[in-house]
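Taking it in order: structure first as structure tokens, then the write-up.
The values are calculated or read from the model by the stated rules, or taken from the named source; none is laboratory data. All values reported here derive from a predicted model rather than from experimental measurement. Methodologically, a virtual Cβ is constructed for each residue, glycine included, from the backbone with ideal geometry; neighbour enumeration extends over all protein chains shown.
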Amino acid sequence: MTNPNIPYTVSELKHLLETKVLEIEFTKKNGETRTMKCTHIAEKCAPTKTEGTGRTIPHDLIVVTDLNKNEWRSFNFDQITAVTEVAE
């Protein structure tokens, strides 16, 4: 799956999030634009609260830790409007 707003596929973006901190701008379901500093680097991720629900996560759903809130967040790949790598 591709998104014309960014130069990554879903798989490439998920892999990048495992090694980098990114600032991602996306459109929320209610139409608002949100910018989030996020990652999926294990050492930086928020603790999990449960063992899991057993549900399958859709391939185009991006699950990350919001580093400003230290909480898990998710958004749809096709709603991303910009991706910027954050220098640490």
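Looking only at residues in the stretch 15-38 that are more than 14 Å from the chain's Cα centre (by Cα) and part of a loop (DSSP other than H, G, I, E, B), which one is farthest from ASN5 (Cα to Cα)?
In this case the residue turns out to be ASN30.
Could you list, in sequence order, the residues of the stretch 39-84 that are assigned to a strand (DSSP E or B), in contact (Cβ under 8 Å) with a residue 24 or more places away in the chain and under 21 Å from MET1 (Cα atoms)?
THR39, ILE62, VAL64, ARG73, PHE75, ASN76, ILE80, THR81, ALA82, VAL83, THR84
Here are some residues: ILE62, ILE24. Which one is touching a helix residue (DSSP H, G or I) at 6+ places or on another chain (Cβ under 8 Å) and not acidic (Asp, Glu)?
Exactly one of ILE62, ILE24 is touching a helix residue (DSSP H, G or I) at 6+ places or on another chain (Cβ under 8 Å) and not acidic (Asp, Glu), namely ILE62.
Can you find a residue in the stretch 6-14 that is surrounded by 15 or more Cβ atoms within 10 Å (Cβ to Cβ) and in a loop (DSSP other than H, G, I, E, B)?
yes
Which of the numbered conditions does GLU32 fail, given that it passes all the others? Conditions: (1) touching a Phe, Trp or Tyr at 6+ places or on another chain (Cβ under 9 Å); (2) modelled with pLDDT of 95 or more; (3) not hydroxyl-bearing (Ser, Thr, Tyr).
Result: GLU32 fails condition (1) only.
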